[in-house]
Amino acid sequence: MNKLQNEFFQMAVPAALESQRATGVPASITLAQAILESGWGQTGLAKKAFNFFGIKTAHHVAPDSYIELPTHEVINGHTVVQMADFARYASAQDSFKAHALLLAQASRYAPAMAVRTSPAKFAAAIQKCGYSTNPNYAQGLMRLVTEFDLTQYDQLPSDMDPSLGTTRNAPPASPAAKEQAA
């Protein structure tokens, strides 16, 4: 793992764990989506708007609540570039929270939340529910989950304290911490 990836995980793992504790969205998929959608936090969208998930929005009255950028969409099997309005966040943590709330509360993602204990089924479900127009989105997520052993961050419902919305155990170490310990 390189320095950029280590720094990304140091920022993203705590946010993904908190999102999972609050909503049940698997941390492994949250991390894979953040990597894939933000290019390890290096896209203009991530750098300019703290949007790590490509979350779009409608024009708002406040011009600082969104950013307009080109995006690649797959329409009728062809990739096209379109301008789109993306949500702007005050911090990376706000982006992770908004992502988790979107998946946990939007009715279109209910089928994914029903299979949230299986990262592969969850990835397939969010693709089927329309999260991305990329026909290989779920495969890309699962490639990242496998390559970076992201399921180590998933917490099963039995690990969660329902009264507090937190886990009973301490969160696992980041990949960077594991490398330093080795």
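The values are calculated or read from the model by the stated rules, or taken from the named source; none is laboratory data. Worth saying up front: this structure is predicted, and the values here are computed from it rather than measured. Glycine gets a Cβ as well: all are built from the backbone with ideal geometry, and neighbour counts include every protein chain shown.
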Take ALA34 and tell me if it is of a type in the set (A, V, I, L, M), under 18 Å from TYR137 (Cα atoms) and buried (at least 16 other Cβ atoms within 10 Å of the Cβ). yes
Please go through the range 21-31 and give me each residue that is surrounded by fewer than 24 Cβ atoms within 10 Å (Cβ to Cβ) and in a helix (DSSP H, G or I), ordered by number. ARG21, ALA22, THR23
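Looking at this structure, is PRO162 at pLDDT below 95, in contact with a strand residue (DSSP E or B) (Cβ under 7 Å, 6 or more places away or on another chain) and more than 30 Å from LYS3 (Cβ to Cβ)?
Spelling it out, it is not the case that PRO162 is at pLDDT below 95, in contact with a strand residue (DSSP E or B) (Cβ under 7 Å, 6 or more places away or on another chain) and more than 30 Å from LYS3 (Cβ to Cβ).
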Only one of PRO135, PRO172 is modelled with pLDDT under 60, outside any helix (DSSP H, G or I) and not small (Gly, Ala, Ser), namely PRO172
Could you tell me which of the residues LYS97, LYS48 is at pLDDT below 95 and part of a helix (DSSP H, G or I)? LYS48
